[in-house]
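Undergrad: Here it is, the structure, as structure tokens.
The values are calculated or read from the model by the stated rules, or taken from the named source; none is laboratory data. Just so we're clear, the structure is a prediction, and the values are computed from it rather than from any experiment. We place every Cβ from the backbone using ideal geometry, glycine too, and count neighbours over all the protein chains shown.
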Amino acid sequence: MSTPSEASRASVRETTEGPVYTVTGGDWDEIAAAAAKSDDERIIVNMGPQHPSTHGVLRLILEIDGETVTEARCGIGYLHTGIEKNLEFRTWTQGTTFVTRMDYLTPFFNETAYCLAVEKLLGITDDVPDRATAIRVMLMELNRLSSHLVCIATGGMELGATTIMIYGFRDRELILDIYELITGLRMNHAYIRPGGLAQDLPPGAVDQVRAFVKKMRKNMAEYDKLATGNPVFKARMEDVGYLDLAGCMATGATGPIVRSAGLPHDLRKAQPYCGYETYDFEVPTADTCDAYGRFLIRLEEMRQSLRIVEQCLDRLEPGPVMVADKKIAWPAQLALGPDGLGNSLDHIKKIMGTSMEALIHHFKLVTEGFRVPPGQAYAAVESPKGELGVHVVSDGGTRPYRVHFRDPSFTNLQAMAAMCEGGQVADVIVAVASIDPVMGGVDR
Amino acid sequence: MSEPTNPPNPDAPEEAVPAQRADTGEVIGTRHGMFGANNGGDTSGYGGLVRTVRLPGASTRPYGGPAGAGEGYGTFDEIADELEGALDEKGLVPENVIEKTVVDRGEITFHVQREYLPAVARTLRDDPALRFELCTGVSGVHYPGDKGRELHAVYHLRSITHNRLIRLEVTAPDADPHLPSIVEIYPTNDWHERETYDFFGLIFDGHPALTRIMMPDDWQGFPQRKDYPLGGIPVEYKGAQIPAPDQRRSYT
């Protein structure tokens, strides 16, 4: 490397709090020299919000003494897009288009949780067809795999293990191909709707999912070979990001974090929804309370998810995928065209050419939407990150009065300080990666 | 579903108008018209329509349980009994602490007087028969039509020990938007209370550092209140001006 250019040098700015350095990489010598000169050992490091190791636009404010982190704080809100406010200005069905963008790595969980809450308000929970529920479960479990794969892949990359990153994204790509086949999109699907699904599975979907499960079973062994027993990997992960059960309960941490503290709390078992009580699967736990335990739990949950996906495929019976009530069932006559999911031309021909009543009905339901009886409801699902809760309030109108998402990433990120303070700077990265926060969900 | 508790209307002619489920409950506002036309004449014929918006009202014993509810003593009665007993032991009068209890759609909501919220939360967390260890945060709701209690804070508490879920609801008027903080009891509510403060302007007294969390520190106003506009600009589409989402005509 040649000498760094003028632009990449650390710039210094004097403030009342002391000198402030802006570091862009490659200019550490100057910082080290300045720190050595300074008589104050205490340094405050501002990590992010644009940093490759902070899982999106997360800002970490670390007070360090040498290599030890004495205080750690999070700065969030950089990805706040006002989704909850926006929902109040759209119909109940349009809501799925918004919520799917919250935690963008778990779109099917957001959609399902929202739809379960709306269905509870409508009182149609038991009317949702079995086929729709089975497809919801299948998509959620595929989504658990793709979310955990990103967590393991990026977590590995942040440790410098780029191979596991390539493996994780390679396998996730297979799942995104399935999403694309079924919903027309790789992300932001809006496929799960209040009352059921936007459309049925396309031809060939079941075969592709089956082929994926077979392939993924084989690929799972590679993660064990690469990471599980790898001494370097273990040395970086073990006893890092420690949070015991009391700490989990106090900070409200759920998901793999609380299960790594030994508590087998999983809403799929505790408060089953979507018929999870009829599926055969285990809830893995660990008693290490650390990042390595969370990694092992995620790996095992991926295996369990593959089991559930297979059971879903076995119980798929032909049938409707939307409630029978035509006052709620949004005209789901959609077709998958070369440019994604859109109106079915056959349906348009029918409503425009032969049935005026169908046209009126279609127009009313799409522009006005359906009314939801006043009241409030809370629905929670076990997302890959923990308890994803949705609090929905209706005033009897065609739009939600208030929707609040209790995103697990938001709550779990509070545990960052408890996991990192007193540890080393390098371990902050591992601890944050083991929380697996997604800023789209944290900030909403 | 809870039993409808409609008193028969003495003025109504016998069987002329069936009793509406929505005739009871808490009034949170009224709606006029049908198609959101409020600037100019409404030629739809629905302009004179007046609709009262009511949330489900107080339920009477027995409360039943989450599954099926129906008549009879259920899980919700157990929780209510234990809570009332535990409050009694603390020297509090349950009738003063809990304004009303609503059972709706298989969920139970205790409406708590705001000054008693910390005592109730501590009892719910610590009493061995209750043990609501996990608080899933707080969600604010703004009802401008609910005079004197415009701001609601809604807490969902989960008991892992007993596998139960309940909801607490506390209100504060717009003129005095103060609620006691329960961060001391449930530290997880730290960020949740900051978020509710940020969006609704509810001030949680006793919170260790109540600052904005999502919006910039110097932001003016509280974005999720109903009187705060969504914003946005009109866009042109195929020659027509499409107004911003909160300016579009909507069904009332």
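Undergrad: For a quick check of your reading: which strands (runs of 3 or more DSSP E) sit entirely within segment A:312-428 and have at least 1 residues that are within 28 Å of the chain's Cα centre (by Cα) and more than 14 Å from chain B (Cβ to nearest Cβ)? Don't jump to the end; show me each part of the working.
TA: On the way: elements: A:334-337, A:340-343, A:375-383, A:386-394, A:402-406.
It comes to A:334-337, A:340-343.
Undergrad: Could you tell me how many of the residues in segment B:102-121 are more than 14 Å from chain A (Cβ to nearest Cβ) and not hydrophobic (A, V, I, L, M, F, W, C)?
TA: Narrowing segment B:102-121 to residues more than 14 Å from chain A (Cβ to nearest Cβ): B:112-120.
Next cut, not hydrophobic (A, V, I, L, M, F, W, C) only: B:113-116, B:118.
Final tally of qualifying residues: 5.
Undergrad: In segment B:160-170, what residues are within 8 Å of another protein chain (Cβ to nearest Cβ) and among the charged types (D, E, K, R)? Steps first, answer last, please.
TA: Step one: list which residues in segment B:160-170 are within 8 Å of another protein chain (Cβ to nearest Cβ), which gives B:160, B:163, B:165, B:167.
Correct list: B:Arg167 only.
Undergrad: Another question, if that's okay. Show the residue pairs that are 6+ apart or on different chains and have beta-carbon atoms under 6 Å apart, the first residue being within segment B:152-163 and touching a residue at least 24 places away in the same chain (Cβ under 8 Å) and among the aromatic types (Phe, Trp, Tyr), the second being crowded, with 22+ Cβ neighbours inside 10 Å and outside any loop (DSSP other than H, G, I, E, B).
TA: B:Tyr155/B:Val138; B:Tyr155/B:Leu168
Undergrad: Residues of segment A:99-129 being of a type in the set (Lys, Arg) and in a helix (DSSP H, G or I), which ones?
TA: Of the residues in segment A:99-129, the ones of a type in the set (Lys, Arg) are A:101, A:120.
The answer is A:Lys120, and nothing else.
Undergrad: How many residues does segment B:143-159 hold that are in contact with a Lys or Arg (Cβ under 8 Å, 6 or more places away or on another chain) and either assigned to a strand (DSSP E or B) or within 11 Å of chain A (Cβ to nearest Cβ) (or both)? Give the derivation first.
TA: To start, the set of residues in segment B:143-159 that are in contact with a Lys or Arg (Cβ under 8 Å, 6 or more places away or on another chain) comprises B:143-144, B:154-159.
Next cut, either assigned to a strand (DSSP E or B) or within 11 Å of chain A (Cβ to nearest Cβ) (or both) only: B:143, B:154-159.
Qualifying residue count for the region: 7.
Undergrad: Continuing with this model, one more query. Conditions first: (1) among the acidic types (Asp, Glu); (2) without any contact (Cβ under 8 Å) to a residue 24 or more places away in the chain; (3) closer than 30 Å to B:Asp104 by Cβ. B:Asp174 passes all but one, so which condition is the exception?
TA: (2)
Undergrad: Follow-up. Scanning segment B:209-239 for residues that are in contact with a helix residue (DSSP H, G or I) (Cβ under 6 Å, 6 or more places away or on another chain) and over 19 Å from B:Ala153 (Cα atoms), which turns out modelled with the highest pLDDT?
TA: B:Met215
Undergrad: What do you reckon, is A:Leu263 part of a loop (DSSP other than H, G, I, E, B), within 10 Å of chain B (Cβ to nearest Cβ) and within 23 Å of A:Ala417 (Cα to Cα)?
TA: Numbers: part of a loop (DSSP other than H, G, I, E, B): yes; within 10 Å of chain B (Cβ to nearest Cβ): yes; within 23 Å of A:Ala417 (Cα to Cα): yes.
Criteria met by A:Leu263.
Undergrad: Please specify each residue of segment B:102-128 satisfying the condition of being over 19 Å from B:Ala58 (Cβ atoms), among the charged types (D, E, K, R) and in contact (Cβ under 8 Å) with a residue 40 or more places away in the chain.
TA: B:Glu115, B:Arg122, B:Arg125, B:Asp127
Undergrad: Condition check: touching a strand residue (DSSP E or B) at 6+ places or on another chain (Cβ under 9 Å) and more than 11 Å from chain A (Cβ to nearest Cβ). Does B:Gly140 satisfy that? Don't jump to the end; show me each part of the working.
TA: Details: touching a strand residue (DSSP E or B) at 6+ places or on another chain (Cβ under 9 Å): yes; more than 11 Å from chain A (Cβ to nearest Cβ): no.
For B:Gly140, the condition - touching a strand residue (DSSP E or B) at 6+ places or on another chain (Cβ under 9 Å) and more than 11 Å from chain A (Cβ to nearest Cβ) - is not met.
Undergrad: Let me ask something additional. Could you please tell me which pairs satisfy a Cβ distance under 6 Å, a separation of 6+ or placement on different chains, a first residue in segment A:238-256 that is closer than 14 Å to A:Asp407 by Cα, and a second residue that is charged (D, E, K, R) and not in a helix (DSSP H, G or I)?
TA: Hits for this filter: A:Thr254/A:Glu387; A:Gly255/A:Lys385.
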